[in-house]
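Since the structure comes first, as structure tokens, the remarks are kept for the end.
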Amino acid sequence: MKLSYRMRLLLIVISIGVLAGGGFFFKKILIPDSFGIYGHYRANAIAEAALVPVRHGTNASCFKCHPYEAKIHKKGQHQTISCEFCHGTYADHIKNGKKIGNLPVKKEKQITTLCLRCHNTEIKARPEHVIKTVAMPNHLKDQQVKLTHNCNQCHHVHAPLKYIIRAKQITGLLEAGG
């Protein structure tokens, strides 16, 4: 059966109409009512996101209960680093203003591993003028200490230069500008 040109054209127009109508129908069913209120975005997502519990806190959240660490941290080279970077998520420690758990405190070799996340020369994460990097174990050899030393045996973890500057003051080896 051969269709005439007009019949083929009519079938194409009907097909396009059915597809377009079906597309508009499915669009109406599948796209939420709040879509487009604030541009190309689902407006209800804002209210839903507000219901998600807060997992992270600011340093100020930690400093309220840890004033000793706050005092040192604010003066130290690590003042711009979040407490959570080293200690873990605020929500694992505090909920509704009450302590619910202890955050991990690094000890021994864990401290060195943590420090080397940023301060390892091999990583080349940042230029030397931005962040002091060291090559282990060469750094320990250069400082003439045991190769088993951990970073916190010479550096205060919240203010890394605190012990170093104090040691130089005691020994009289304080450098100009230090």
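Here are a few things to note about the model shown:
- The single condition among (1) over 27 Å from P53 (Cβ atoms); (2) free of Cβ contacts under 8 Å to residues at least 24 places away in the same chain; (3) surrounded by fewer than 14 Cβ atoms within 10 Å (Cβ to Cβ) that C154 does not satisfy is (3).
- Extreme residue, least open to solvent (accessible area, probe 1.4 Å), among residues of the stretch 119-145 that are within 18 Å of K109 (Cβ to Cβ) and assigned to a helix (DSSP H, G or I): L140
- Checklist (1) open to solvent by 60 Å² or more (accessible area, probe 1.4 Å); (2) under 30 Å from V54 (Cβ atoms); (3) modelled with pLDDT of 85 or more applied to S82, failing item: (1)
Residues checked against (1) among the hydroxyl-bearing types (S, T, Y); (2) on the phi > 0 side of the Ramachandran plot:
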site: T80; (1), (2): yes, no
site: E84; (1), (2): no, no
site: D92; (1), (2): no, no
site: K95; (1), (2): no, no
site: E108; (1), (2): no, yes
site: H119; (1), (2): no, no
site: E122; (1), (2): no, no
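The values are calculated or read from the model by the stated rules, or taken from the named source; none is laboratory data. Fair warning: this is a prediction, and the values are worked out from it, not measured in the lab. Note: ideal-geometry Cβ built from the backbone for every residue, glycine included; neighbour counts use all protein chains shown. In case anyone asks, the SASA skips ligands and DNA or RNA and just uses the protein heavy atoms, side chains included. Shrake-Rupley method; radii C 1.70, N 1.55, O 1.52, S 1.80 Å.
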